[in-house]
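A short worksheet on the structure shown next.
The values are calculated or read from the model by the stated rules, or taken from the named source; none is laboratory data. Quick caveat, the model's predicted, so the values are computed rather than measured. Quick reminder, even Gly has a Cβ in these numbers, built from the backbone with ideal geometry, and neighbours come from all protein chains shown.
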């Protein structure tokens, strides 16, 4: 049972490096790089990771110490090959996108990319294994592998330090405000303005819906469908902030400063509150706000949180493992659905009312609450409701009956139909309460279906839009080809609310003529991966938006990291 000192040392080195790099370093790296997206702290996962790492250290070290000869060399070489491949994979994955895989900033690899990636994962460890047998008579190759393990470990630690320092400088306060689910199913018996925002509600998703389910148009009495609508931005951030506040993004500002300036200076929020409107905003944090104290008492569903707590230890650890392993696993094994929002199912804020989040089951849960509890009304104030739901966003995890399914097991068409089942039930209950006719209802998306993350557009990007103005309730669904955009959103809200305001909101959707010549603006933030030298590309669209020949790039500016 005698083992040489060198075998024991390299066994301990390997036993330490595998869990340290693949568990602890990867988890800390992804957390520190995206700390502002999470409501939990390092202390919530690190103890479990340390225990799991110790168990792996003992197991791997023991196996390598107790084996000898060709078996020891083979196991050591495979471990070394796995460490090197994992480092290369982490480096290449990080270069490909910013953010987290399930947040929509990472496009899934093609089948060709997966095959090439798998070949690398097979060939590189196999080559190392073969060379280890070829040089089995000498310690040169073994020493080279040990050096590479130490080098990779050192480089991972060095790369971790700057992100840890940056995250510590942005540490979250234990007490913060958030947008809650309070008043989620409450409207007014007086006047209502409701904006349904289906995430990623592309024009093509709507056209597919009415083509396959034409009967659904009967549910939208008094509505007008706008076929040529352009959103201001291509992603949830900064789209929802712009939709709520009316302020376009100043990319010289940080996210927090943009939130503060946008909401504090928004004429719409102030005017709605001054005109006796109860304001309820339902949109997730990070993309829509950081600390809800920026709403300065204007929004009614703001709640105080004194921290967070994990509600499912097993579920939480499983998600952390999926998230941290995403960066070093081969492409065909990656979980493309894991994101910051997925943790909302197992981590909650300590507040009187649950935080409003968007997860795979959000739409289905709201639909069930509608069926069980129903809409209610209050008579003291008018109501403005901004309800941002998952809608058409991937991964597709809800069927046409508004039931949660395994992510990826349903189609975009099914999920879109499910989202409209929720909306149709909402509208049906409004009719029952007698408040449908006296309401302004807008159904749209925060952005279209972004297919181009790091290249300029090659086709038009249009977002679906349906509008029912106050006073309409019986006419069949109409279609308008007027050239409208998000710039007309606040004007339509102000018109529906009949706001007494000195602010000029411009033209409402129904005030744009189909033959009118309008130059619309769309801002696309082209991502550059880990370089974080993103570009803001400004498109002017003059004429029909469905004709890409009318999309003209008028400026490009380097803005650094979009989510800074």
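Listed values, structure above:
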{"quantity": "Conditions (1) surrounded by fewer than 19 Cβ atoms within 10 Å (Cβ to Cβ); (2) touching a helix residue (DSSP H, G or I) at 6+ places or on another chain (Cβ under 7 Å); (3) farther than 21 Å from residue 48 by Cβ; (4) modelled with pLDDT under 90: number failed by residue 331", "calculated": "(1)"}
{"quantity": "Residue within the stretch 33-44 that is crowded, with 21+ Cβ neighbours inside 10 Å and under 25 Å from residue 146 (Cα atoms) present", "calculated": "no"}
{"quantity": "Residue among 406, 377, 416, 411 that alone is farther than 22 Å from residue 445 by Cα and within 21 Å of the chain's Cα centre (by Cα)", "calculated": "406"}
{"quantity": "Count - residues of the stretch 397-423 that are within 20 Å of residue 462 (Cα to Cα) and crowded, with 21+ Cβ neighbours inside 10 Å", "calculated": "5"}
{"quantity": "Hey, residue 495 surrounded by 13 or more Cβ atoms within 10 Å (Cβ to Cβ), assigned to a loop (DSSP other than H, G, I, E, B), outside the structural domain of residue 289 (by TED's automatic domain parsing) and over 29 Å from the mean Cα position of the chain (by Cα) or not", "calculated": "no"}
{"quantity": "Residue 210 in a helix (DSSP H, G or I), touching a helix residue (DSSP H, G or I) at 6+ places or on another chain (Cβ under 7 Å) and closer than 25 Å to residue 351 by Cα", "calculated": "no"}
{"quantity": "Scan of the stretch 9-44 for residues that are outside any helix (DSSP H, G or I) and touching a strand residue (DSSP E or B) at 6+ places or on another chain (Cβ under 9 Å), ordered by number", "calculated": "38, 39, 40, 41"}
{"quantity": "In the stretch 513-560, residue modelled with the lowest pLDDT [restricted to those that are in a loop (DSSP other than H, G, I, E, B) and crowded, with 17+ Cβ neighbours inside 10 Å]", "calculated": "528"}
{"quantity": "Residue within the stretch 28-46 that is more than 20 Å from the chain's Cα centre (by Cα), touching a residue at least 12 places away in the same chain (Cβ under 8 Å) and over 12 Å from residue 324 (Cβ atoms) present", "calculated": "yes"}
{"quantity": "Qualifying residue in the stretch 456-470 (condition: farther than 16 Å from residue 538 by Cα, surrounded by fewer than 24 Cβ atoms within 10 Å (Cβ to Cβ) and out of contact with any strand residue (DSSP E or B) (no Cβ under 8 Å at 6 or more places or on another chain))", "calculated": "no"}
{"quantity": "Residue list for the stretch 305-330, filter: over 24 Å from residue 121 (Cα atoms), touching a residue at least 60 places away in the same chain (Cβ under 8 Å) and part of a helix (DSSP H, G or I)", "calculated": "313, 316, 317"}
